[in-house]
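J.: Next up is a structure, given as structure tokens.
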Amino acid sequence: MRYCCKVMKICVEKLKHVEYIERFDEFALPVGEDLGRSVIILKYCPWCGKKLPESKRQKWFEILNELGIDPTEDKLIPYPLKRSLWWEDLGTTMDMVKEDIKE
Ligand SMILES: [Zn+2]
């Protein structure tokens, strides 16, 4: 995991003030403890100001929608879409998904 700065690294790994959501490549600020789990997605680092990665959330749901897979059923989600960095080589991921679905 590459961080924009040292403070972000400490906040994610040690202090847990910021959560890194690996599946969607998102940095999230947990909020509303009393009201159940909720997060605010950060677009920029609050400390160094650098732009954080674009969220892959929409893409992930789009792919599942195209495949006709219910995203709430974790066991139905093809394993290639559960890998970390699944978006980095999307062509390969989609080939793996097709293979996985065929079986
Ligand atoms: Zn930073």
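The values are calculated or read from the model by the stated rules, or taken from the named source; none is laboratory data. Everything numeric in this text was worked out from a predicted model, so none of it was measured. Cβ: placed from backbone, ideal geometry, glycine included. Neighbour counts: every protein chain shown.
J.: Hey, can you tell me all the residues within the range 25-62 that are in a loop (DSSP other than H, G, I, E, B) and acidic (D, E)? Even if it seems obvious, please write down each step before you answer.
T.: Taking the range 25-62 and keeping what is in a loop (DSSP other than H, G, I, E, B), we get 25, 32, 36-37, 43, 45-50, 52-56.
If the condition is that a residue be in a loop (DSSP other than H, G, I, E, B) and acidic (D, E), then D25, E54 are the ones that fit.
J.: Oh, and also: Applying the selection to the range 17-39, what residues are within 16 Å of the ligand (Cβ to nearest atom), hydrophobic (A, V, I, L, M, F, W, C) and loosely packed, with under 15 Cβ neighbours inside 10 Å? Outline the logic, then answer.
T.: Of the range 17-39, the ones within 16 Å of the ligand (Cβ to nearest atom) are 17-20, 25-29.
Keeping just the survivors that are hydrophobic (A, V, I, L, M, F, W, C) gives 18, 27-29.
The one that is within 16 Å of the ligand (Cβ to nearest atom), hydrophobic (A, V, I, L, M, F, W, C) and loosely packed, with under 15 Cβ neighbours inside 10 Å: L29.
J.: Examine the range 77-98 for a residue that is within 16 Å of the ligand (Cβ to nearest atom), basic (K, R) and in contact (Cβ under 8 Å) with a residue 24 or more places away in the chain, and state whether such a residue exists. Can you show your working first?
T.: Initially, the range 77-98 is screened for residues within 16 Å of the ligand (Cβ to nearest atom), giving none.
No, there is no match, as no residue in the range 77-98 is within 16 Å of the ligand (Cβ to nearest atom), basic (K, R) and in contact (Cβ under 8 Å) with a residue 24 or more places away in the chain.
J.: For the range 40-54, name all the residues that are near the ligand (Cβ under 10 Å from one of its atoms) and more than 21 Å from W86 (Cα to Cα).
T.: Result: Y44, C45, P46, W47, C48, G49, K50.
J.: Considering only the range 2-18, state which residues are outside any helix (DSSP H, G or I), at pLDDT 95 or above and among the charged types (D, E, K, R).
T.: Listed by number, the list holds a single entry, K14.
J.: Since K98 meets every condition but one in (1) closer than 24 Å to M1 by Cβ; (2) basic (K, R); (3) in a helix (DSSP H, G or I), which condition does it not meet?
T.: Only one criterion in (1) closer than 24 Å to M1 by Cβ; (2) basic (K, R); (3) in a helix (DSSP H, G or I) is unmet by K98, namely (1).
J.: Yes or no: V31 out of contact with any Leu (no Cβ under 6 Å at 6 or more places or on another chain) and modelled with pLDDT under 95? Please lay out each step first, then the result.
T.: Details: out of contact with any Leu (no Cβ under 6 Å at 6 or more places or on another chain): yes; modelled with pLDDT under 95: yes.
When the stated conditions are applied, V31 passes them.
J.: So, in the range 1-16, of the ones that are exposed (fewer than 13 other Cβ atoms within 10 Å of the Cβ) and more than 28 Å from L81 (Cβ to Cβ), which residue ends up nearest to the ligand (Cβ to nearest atom)?
T.: The initial filter retains those residues of the range 1-16 that are exposed (fewer than 13 other Cβ atoms within 10 Å of the Cβ), namely 1-2, 6, 13-16.
Among the residues that remain, those that are also more than 28 Å from L81 (Cβ to Cβ) are: 6, 14-15.
Details: K6: 8, K14: 15, L15: 14 Å.
In this case the residue turns out to be K6.
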